[in-house]
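Would you mind keeping the following structure in view while I ask a few things?
The values are calculated or read from the model by the stated rules, or taken from the named source; none is laboratory data. No experiment lies behind these values; they were computed from the predicted model shown. Neighbour counts are summed over all protein chains in view; Cβ atoms, including those assigned to glycine, are modelled from backbone coordinates with ideal geometry.
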Amino acid sequence: MTHQGADHADLSTWEAWSRWRDRTVDGAHAGGCVGGCPLGSLGTEVAERDSAARSLVSAGFSRWEEGFRRGIATMQQRGVLDTDAEPATLATAVMVALQGGLLLAQVHRDVRPLAVGLDTAIAAIRQHATAA
């Protein structure tokens, strides 16, 4: 599901975050909320049985999270976010919102949990916005 991966997107502006959020929610909606996240599903299947596969899934999640962190850090370096923003922590919050939102959207066949999760995570980033 290419709409989910932040590693392919430049998330260093508010507009980019908004577009990514909309693409992610729209993609889940267009797919009928079926399937959830392939990487998350794979992780659930292998996490307790195959340490090598779990490591590969973990690396995939880390790659996504790094895309989020990089975008947040770039915004901070540009003065768009204050120095109190913690890019790694905020990136983890986005990943949690994405994965939890995708799972709940799949189970409920409704994008609302995904939209709420992503909106909340992005709002947490916005709490660090500067006047710049």
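Being within 13 Å of A93 (Cα to Cα), hydrophobic (A, V, I, L, M, F, W, C) and surrounded by 13 or more Cβ atoms within 10 Å (Cβ to Cβ) is the filter here, so list the residues in segment 117-132 that pass it.
Hits for segment 117-132 are L118, A121, I122, A124, I125.
If you check E66 against the conditions, is it over 17 Å from R21 (Cβ atoms), assigned to a helix (DSSP H, G or I) and acidic (D, E)?
Against the criterion (over 17 Å from R21 (Cβ atoms), assigned to a helix (DSSP H, G or I) and acidic (D, E)), E66 qualifies.
Something else: Would you mind stating whether G32 is at pLDDT below 95, under 21 Å from L114 (Cβ atoms) and small (G, A, S)?
Working: at pLDDT below 95: yes; under 21 Å from L114 (Cβ atoms): yes; small (G, A, S): yes.
Against the criterion (at pLDDT below 95, under 21 Å from L114 (Cβ atoms) and small (G, A, S)), G32 qualifies.
In addition: Give me the residue from segment 46-79 that is hydrophobic (A, V, I, L, M, F, W, C), within 13 Å of M95 (Cβ to Cβ) and in contact (Cβ under 8 Å) with a residue 60 or more places away in the chain and, out of that set, surrounded by the fewest Cβ atoms within 10 Å (Cβ to Cβ).
W64
For W20, are the conditions met, namely being crowded, with 19+ Cβ neighbours inside 10 Å and without any contact (Cβ under 8 Å) to a residue 24 or more places away in the chain?
Details: crowded, with 19+ Cβ neighbours inside 10 Å: yes; without any contact (Cβ under 8 Å) to a residue 24 or more places away in the chain: yes.
Spelling it out, W20 is indeed crowded, with 19+ Cβ neighbours inside 10 Å and without any contact (Cβ under 8 Å) to a residue 24 or more places away in the chain.
Moving on to the next point. Write out, first by first residue and then by second, each pair whose Cβ atoms fall under 8 Å of each other, whose residues are 6+ apart or on separate chains, and whose first residue, in segment 112-132, is of a type in the set (S, T, N, Q) while the second is assigned to a helix (DSSP H, G or I) and surrounded by 14 or more Cβ atoms within 10 Å (Cβ to Cβ).
Here the result reads T120/A97, each pair linking segment 112-132 to a residue that is assigned to a helix (DSSP H, G or I) and surrounded by 14 or more Cβ atoms within 10 Å (Cβ to Cβ).
Would you check if D84 is loosely packed, with under 14 Cβ neighbours inside 10 Å and not in a loop (DSSP other than H, G, I, E, B)?
On the way: loosely packed, with under 14 Cβ neighbours inside 10 Å: yes; not in a loop (DSSP other than H, G, I, E, B): no.
Criteria not met by D84.
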